[in-house]
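Each reported figure results from applying straightforward, stated rules to the coordinates on display, with no laboratory input. These numbers were taken from a predicted model, which means no experiment stands behind them. In this analysis, Cβ positions are derived from the backbone assuming ideal geometry, glycine residues included, and neighbour counts consider all displayed protein chains.
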Amino acid sequence: MLDEGEAVLVVVAEPTLEKAVDQAISRAKREEKKQIDADAKELKKQVDAL
């Protein structure tokens, strides 16, 4: 759950973009990475589990 004043950003990208994504979110206080190979239904299930 998010507390007041918090936000979440979910990035879906090719693994080759990982370095660029890391640089873009360098100010994050907390970060969780997960690689999955899934269709839309499985992706939703994985995101809901975070």
- Note on the structure: A student applying the Cα gyration tensor rule (rounded when a/c is under 1.5; otherwise prolate if a/b is larger than b/c, oblate if not) would label the chain oblate
- Per residue of region 37-50, in order, report the coupling 6.51 cos²θ - 1.76 cosθ + 1.60 (Karplus, θ = phi - 60°) as ³J(HN,Hα) in whole Hz, putting x for Gly and Pro. 10, 8, 8, 4, 5, 5, 4, 4, 4, 5, 5, 4, 6, 5
- Helix-derived mean residue ellipticity, 222 nm - over the chain, DSSP H n ≥ 4, -39500 (n - 2.57), to 500: -8500 deg cm²/dmol
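Where in the chain lies the longest segment free of trypsin sites (Lys or Arg not before Pro) that are both loop residues by DSSP (not H, G, I, E, B) and have at most 14 other Cβ atoms within 10 Å? Provide the component values of the computation, followed by the final result.
Values: sites that count: ARG27, LYS29, ARG30, LYS33, LYS34.
Of all site-free stretches, the longest is 1-26.
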- Using a 10 angstrom cutoff on alpha carbons, build the Gaussian network for the chain and name the most mobile of ALA13, ALA40, ALA28. ALA40
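Where in the chain are there GluC sites (Glu not before Pro) that are in a DSSP coil and have at most 15 other Cβ atoms within 10 angstrom of their Cβ? Numbers along the way, then the final one.
Values: sites: GLU4, GLU6, GLU18, GLU31, GLU32, GLU42; in loops: GLU4, GLU6, GLU31, GLU32.
Answer in residue order: GLU4, GLU6, GLU31, GLU32.
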